[in-house]
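Encoded as structure tokens, the structure appears first; notes follow it.
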Amino acid sequence: MIKINNVFFDEIINARHWLHENPELSYEEYATTKYIREKIQAWNLELKPFSSLKTGGYVDVGTGEKPVLGFRADIDALPIIENAGHSIKSKNLGVMHACGHDFHATIGLGLAKYFAQHPDELNGKLRILFQPAEETYPDGASYIHKEPLFENMIGIFAVHVDLRFKTGGIAIKQGTACASSTLLKLKFIGPGGHTSRPHATVDLIRVTSLYISQLNGYLKTIIDSRDDFTLVFGSIHGGQYHNIIPPEVSLIGTLRNFDNKVLKVLLEGIREFSLNFATLYKCQIEFDIPNSTPAIINDPKMYSALVQFSKENGYGARLVEMEKPSMGADDFAYYLKKVPGLYFQVGAEGSGSSHSSDFILTDDLIEPALDFIVNFVKFLINKPHHN
Ligand SMILES: [Zn+2]
Ligand SMILES: [Zn+2]
């Protein structure tokens, strides 16, 4: 266990309360960034800005230039009105930390503070990324991963708080941890016309519904049945009058799967299906993919390191192997294009479900999570392995 006294945690827990009370939406995390910068400065560290974004930033702590280990803490909140009955609640009406990113930012601050006080415990450097805009698209990480921050980095990890596991629990999934999520925007375009004469035009609502009902079936024929996916449309718009065939119908949805190579096959399949479908039904289909977050595939060596570390340091009983990956996505996946990565859940007590106004987590998770993570960082940076 790390020896951290109550004064250490008082400041960290107060920071969590401040962050929770002052949530900001994706790409608007200005006050959050200022707060993090001031805290970091008070510990004689420097929050450096990202060159591609106006909010967030990163801080280096430890001794020596390498190896570098990365930790990602996301800092944005959601457009949700928080339940007014909560004791610590948002002062920014309509914005709420309903995904626990206030805790992630707090863990980032806790790591910075701990290693600012004990830099000699790291024979290398920990780079903590306070990352904006995990909850929107384009993803914050889709910009940051292109910055030159990943040289000499042996790996990067991130955690997500999770109510399904007890406080102090660490839940990990070998292999794929989170699905990819690809946003699809489709526009069906036809001449429009009178509902009495659909044969003389393109009956666009009927054509769109045929497309929706047939696309999944087509995609099943082009992939291995073990590589399953979900393709669900969350929005359909078109038409406004009972006897007018509309000239336009739009669809928005998400495609999710677990394998980035299969995702390419699926997207190519959707393109080909759309092209042929449009020819057959004499309409136009415009196809746009504004965002595609890859799947998170945990690095086998980092996964083994987490298991080994847990068992050798008395955390074995807290470690849970998850049976299935999450169908949700996290833009942490972008960093894995640059360096090996590991994503795991930290157990949290509370109530409500994430992304809802009732979501509450208690401060109790901070101390055990930070204790685990501080020691895991030391284990990863200090063990003689580096390539
Ligand atoms: Zn979220
Ligand atoms: Zn989240």
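The values are calculated or read from the model by the stated rules, or taken from the named source; none is laboratory data. Keep in mind that what you see is a predicted model, and the values were worked out from it rather than measured. Please note: Cβ atoms are built from the backbone with ideal geometry, for glycine as well, and neighbour counts cover all protein chains shown.
So, of the residues in region 52-75 that are more than 16 Å from ligand 2 (Cβ to nearest atom) and among the aliphatic types (A, V, I, L, M), which turns out to be farthest from the chain's Cα centre (by Cα)? Reasoning before the result, please.
Kept after step one, since they are more than 16 Å from ligand 2 (Cβ to nearest atom), are these residues of region 52-75: 52-55, 57-70.
Filter again for among the aliphatic types (A, V, I, L, M), leaving 53, 59, 61, 68-69.
Numbers: 53: 17, 59: 20, 61: 24, 68: 22, 69: 19 Å.
The qualifying residue farthest from the chain's Cα centre (by Cα) is 61.
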For region 270-290, how many residues are surrounded by 18 or more Cβ atoms within 10 Å (Cβ to Cβ) and closer than 17 Å to residue 181 by Cβ? 1
Which numbered condition residue 75 fails, given (1) over 29 Å from residue 315 (Cα atoms); (2) touching a Ser or Thr at 6+ places or on another chain (Cβ under 8 Å): (1)
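Within region 76-109, restricting attention to residues that are in contact with a Lys or Arg (Cβ under 7 Å, 6 or more places away or on another chain) and within 13 Å of residue 15 (Cβ to Cβ), which residue is farthest from ligand 2 (Cβ to nearest atom)? Steps first, please.
Quick first cut of region 76-109, residues in contact with a Lys or Arg (Cβ under 7 Å, 6 or more places away or on another chain) only: 82, 102-103, 106, 109.
Pick out the ones that are also within 13 Å of residue 15 (Cβ to Cβ) and you get 102-103, 106, 109.
Working: 102: 10, 103: 10, 106: 14, 109: 17 Å.
Per the stated criteria, the residue is 109.
With the condition being more than 16 Å from ligand 2 (Cβ to nearest atom), I'd like the strands (runs of 3 or more DSSP E) fully within region 262-370 carrying at least 3 qualifying residues.
On the way: elements: 284-293, 319-321, 341-347.
Output list reads 284-293, 319-321.
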Qualifying residue in region 62-73 (condition: assigned by TED's automatic domain parsing to the domain that holds residue 19, on the phi > 0 side of the Ramachandran plot and touching a residue at least 60 places away in the same chain (Cβ under 8 Å)): yes
Members of region 115-145 that are more than 16 Å from ligand 2 (Cβ to nearest atom) and in a loop (DSSP other than H, G, I, E, B): 118, 122, 123, 124, 138, 145
Out of 29, 21, report the one residue that is buried (at least 22 other Cβ atoms within 10 Å of the Cβ), farther than 21 Å from residue 116 by Cα and within 22 Å of the chain's Cα centre (by Cα). 29
Expected output for region 218-233 (first residue in a loop (DSSP other than H, G, I, E, B), partner modelled with pLDDT under 95 and surrounded by 14 or more Cβ atoms within 10 Å (Cβ to Cβ), Cβ below 6 Å, 6+ apart or cross-chain) is 227/259
Quick one: in region 89-145, which of the residues that are within 14 Å of ligand 1 (Cβ to nearest atom) and farther than 23 Å from residue 183 by Cα is surrounded by the most Cβ atoms within 10 Å (Cβ to Cβ)? 97
For residues that are within 16 Å of ligand 1 (Cβ to nearest atom) and assigned to a loop (DSSP other than H, G, I, E, B), scanning just region 146-181, find the one that is surrounded by the fewest Cβ atoms within 10 Å (Cβ to Cβ). 164
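Among the residues of region 342-369, write down those that are under 19 Å from residue 302 (Cβ atoms) and either touching a helix residue (DSSP H, G or I) at 6+ places or on another chain (Cβ under 7 Å) or surrounded by 23 or more Cβ atoms within 10 Å (Cβ to Cβ) (or both).
At the first step, the residues of region 342-369 found to be under 19 Å from residue 302 (Cβ atoms) are 342-346, 369.
Within region 342-369, 342, 343, 344, 346, 369 meet the criteria.
Within region 61-68, can one find any residue that is part of a loop (DSSP other than H, G, I, E, B), among the acidic types (Asp, Glu) and modelled with pLDDT of 95 or more? I'd like the intermediate steps shown before the answer.
Initial filter on region 61-68 (part of a loop (DSSP other than H, G, I, E, B)): 63-67.
Next cut, among the acidic types (Asp, Glu) only: 65.
Cutting the leftovers down to modelled with pLDDT of 95 or more gives us none.
Checked against the condition, which is being part of a loop (DSSP other than H, G, I, E, B), among the acidic types (Asp, Glu) and modelled with pLDDT of 95 or more, region 61-68 yields no hits at all.
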Please enumerate the residues belonging to region 94-112 that are touching a strand residue (DSSP E or B) at 6+ places or on another chain (Cβ under 9 Å) and assigned to a helix (DSSP H, G or I). 101, 102, 103, 104, 105, 106, 107, 108, 109, 111, 112
